[in-house]
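Dropping the structure in here first, questions after.
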Amino acid sequence: MKFIKVENYNKLSRQAANIISAQIIMKPNSVLGLATGSSPIGTYKQLIKWYNKGDVDFSEVTSVNLDEYVGLDGNNNQSYRYFMDTYFFNHINIKKENTYVPNGKSEDLAKEGEEYDARLKSFGGIDLQLLGIGLDGHIGFNEPDKCFEKSTHIVNLHSSTIEANSRFFDSIEDVPKQAITMGMVSIMQAKKILLIANGKAKEEILKKAFSGPITPEIPASILQLHPDVTVIYSEE
Ligand code: F6R
């Protein structure tokens, strides 16, 4: 496990973007596992800049996102599909048909999960998985629990997650209470993992996740078992 401490969000974003572009340069048809939330926005911005300069080419890249809110379709501006299009995909040359976000509007969410996992398997898994971390230690929307969930599944979001995410909504009542998220198998089978965490508020959970016991009560702690994890964090 490699920890990189940087001074601020800008440097965090550049470092993360560096690792992602190196991955694409080394393997142009990489499968990238992507995240939403506030942490990766700067990384996506930096990648867009380098794309515009001609330094990185996404034409052969496939992306699979970690999660989506249940009940929101891609046109809803709070959905993670909308987020990815707005902050990243609309500004680079990735083929939209090669970008996957779970369908939170599916009538059969269990089937959606199975198909998501099967599709991922057919791609040969994820080459590089980008992760943020929730204040309760969630990765994707794998919330603290009694066991680690293996496959893509539906979760009831914890009140702390609903509260944390309410900053993106008009009111806390508008935050969906459920999400569909990739499970631990797909995440742990990624060849490389890059976790980014910004700000003092994340310090405590980072310590628990990476220096404490491996427990489903702190979902990110499972990453201690992964052979190739890089954590970039800033205390700003
Ligand atoms: C979102 C996701 C979540 C976030 C986490 C941190 O796709 O997977 O696990 O990474 O909630 O969110 P931010 O970056 O907003 O602090």
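Residues that are more than 17 Å from Ser39 (Cα to Cα): find the strands (runs of 3 or more DSSP E) completely inside segment 117-222 holding 2 or more of those.
Correct list: 153-156, 178-181.
When residues of segment 108-151 are filtered for being within 13 Å of the ligand (Cβ to nearest atom) and either under 16 Å from the mean Cα position of the chain (by Cα) or open to solvent by less than 20 Å² (accessible area, probe 1.4 Å) (or both), how many remain?
Residues meeting the conditions: 15.
Could you tell me whether any residue of segment 34-52 is open to solvent by less than 20 Å² (accessible area, probe 1.4 Å), without any contact (Cβ under 8 Å) to a residue 40 or more places away in the chain, in contact with a helix residue (DSSP H, G or I) (Cβ under 9 Å, 6 or more places away or on another chain) and farther than 20 Å from Pro176 by Cβ?
yes
Restricting attention to segment 22-47, which residues are within 16 Å of the ligand (Cβ to nearest atom) and either of a type in the set (S, T, N, Q) or touching a strand residue (DSSP E or B) at 6+ places or on another chain (Cβ under 9 Å) (or both)?
Leu32, Gly33, Leu34, Ala35, Thr36, Ser38, Ser39, Pro40, Gly42, Thr43, Tyr44, Gln46 - these are the residues of segment 22-47 that are within 16 Å of the ligand (Cβ to nearest atom) and either of a type in the set (S, T, N, Q) or touching a strand residue (DSSP E or B) at 6+ places or on another chain (Cβ under 9 Å) (or both).
Residue by residue through segment 1-15, note down the ones that are part of a helix (DSSP H, G or I) and open to solvent by less than 70 Å² (accessible area, probe 1.4 Å).
Tyr9, Leu12, Ser13, Gln15
The values are calculated or read from the model by the stated rules, or taken from the named source; none is laboratory data. Quick caveat, the model's predicted, so the values are computed rather than measured. Backbone-built Cβ (ideal geometry, glycine too); neighbour counts: all protein chains shown. The protein model used for the area step is the full one, side chains on, heavy atoms only, and it has no ligands, DNA or RNA in it. Shrake-Rupley method; radii C 1.70, N 1.55, O 1.52, S 1.80 Å.
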